[in-house]
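Structure record follows, encoded as structure tokens.
The values are calculated or read from the model by the stated rules, or taken from the named source; none is laboratory data. Quick caveat, the model's predicted, so the values are computed rather than measured. Here the Cβ positions follow ideal geometry from the backbone for every residue, glycine too, while neighbour counts run over all protein chains shown. The area values use the complete protein model at the heavy-atom level, side chains included, leaving out ligands, DNA and RNA. Shrake-Rupley method; radii C 1.70, N 1.55, O 1.52, S 1.80 Å.
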Amino acid sequence: MTLQPEDPPLALSEEDRDTAVRRLQDAYVEGHISHEEMAERLHRVLTATTQGDLVPALASLPQGTADTTSTVAALGGRIRRRGAWRVPRRLKVESAFGKVHLDLSRAVIEHPVVDIELQLGTGRAKITVPRDAVVDTEDLQTVWKDRLYKPRQRTRPGGPKIRIAGTMGFGRLKIRHARR
């Protein structure tokens with residue numbers, strides 16, 4: 001009888017740890033765990049070194065939907081999000097001929113990184129980001145016009161990182177930071 005070698009434990013990344021902390025915070029806010037249980041589980045997550053170490057800390061918690069992608073689509077017309085709306089971790093925006101306006105300046109952003117994928121045809125897009133946000137448009141491909149974005153010279157630390165990717169046809173993308 002020969003023993004099969006075990007797979008080495010999977011190392012824990014900072015993103016995995018952050019996701020686990022968010023799940024604990026959500027469970028506490030929603031009343032699924034007590035303050036004492038939150039403190040105990042949080043200690044387990046912060047001292048974990050492998051994926052397996054997270055299992056007992058996250059046991060019996062409701063599954064979060066933080067990694068799902070929300071899609072907003074329109075053939076023509078407008079796509080508009082403004083005010084106090086909840087920004088998902090991943091947002092896909094599809095529009096063939098319309099205008100897109102995403103105002104994140106007063107939105108509820110619960111994730112340190114937000115990915116926005118644009119699939120736009122001929123319409124224009126305008127994205128207003130929080131004052132302290134860091135914007136990355138490196139993975140955005142434009143066919144006709146370049147994106148209009150001037151990075152802020154000084155941003156306060158701690159703001160969300162907004163990554164904008166995807167493809168724009170013949171429209172123009174304008175990104176600006178909120179003034180307040």
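For the stretch 1-21, filtered to residues that are within 29 Å of ILE109 (Cβ to Cβ) and exposed (fewer than 10 other Cβ atoms within 10 Å of the Cβ), the residue that is modelled with the highest pLDDT is GLU14.
All conditions in (1) closer than 30 Å to LYS126 by Cβ; (2) within 17 Å of the chain's Cα centre (by Cα) hold for ASP26, with the sole exception of (1). Which residue pairs have Cβ atoms closer than 6 Å, lie 6 or more positions apart in sequence or on different chains, and pair a first residue in the stretch 168-179 that is over 15 Å from ARG131 (Cα atoms) with a second residue that is of a type in the set (Gly, Ala, Ser) and part of a loop (DSSP other than H, G, I, E, B)? Taking only residues 6 or more apart or on different chains, the pairs are GLY169/GLY121; GLY171/GLY123.
Before we move on, is ILE116 free of Cβ contacts under 8 Å to residues at least 60 places away in the same chain, more than 18 Å from ARG180 (Cβ to Cβ), open to solvent by less than 20 Å² (accessible area, probe 1.4 Å) and among the β-branched types (Val, Ile, Thr)?
yes
Under the condition of being farther than 12 Å from ARG78 by Cα and open to solvent by less than 50 Å² (accessible area, probe 1.4 Å), the residues counted in the stretch 93-113 number 7. Surrounded by 15 or more Cβ atoms within 10 Å (Cβ to Cβ) and at pLDDT below 90: does that describe LEU24? Yes; evaluated as a whole, the condition is true for this residue.
Could you look through the stretch 119-146, keep only residues that are in a strand (DSSP E or B) and of a type in the set (Val, Ile, Thr), and pick out the one that is surrounded by the fewest Cβ atoms within 10 Å (Cβ to Cβ)? So that I can check it myself, show each step before the final result.
The first filter runs over the stretch 119-146 and keeps only residues in a strand (DSSP E or B), leaving 119-120, 125-129, 134-136, 140-142.
With the extra rule that they be of a type in the set (Val, Ile, Thr), the set shrinks to 127-129, 134-135, 142.
Working: ILE127: 24, THR128: 20, VAL129: 27, VAL134: 16, VAL135: 21, THR142: 18.
Going through the qualifying residues, I end up with VAL134.
Taken together, the residues in the stretch 78-112 that are part of a strand (DSSP E or B) and either modelled with pLDDT of 90 or more or closer than 25 Å to GLY169 by Cβ (or both) amount to 16.
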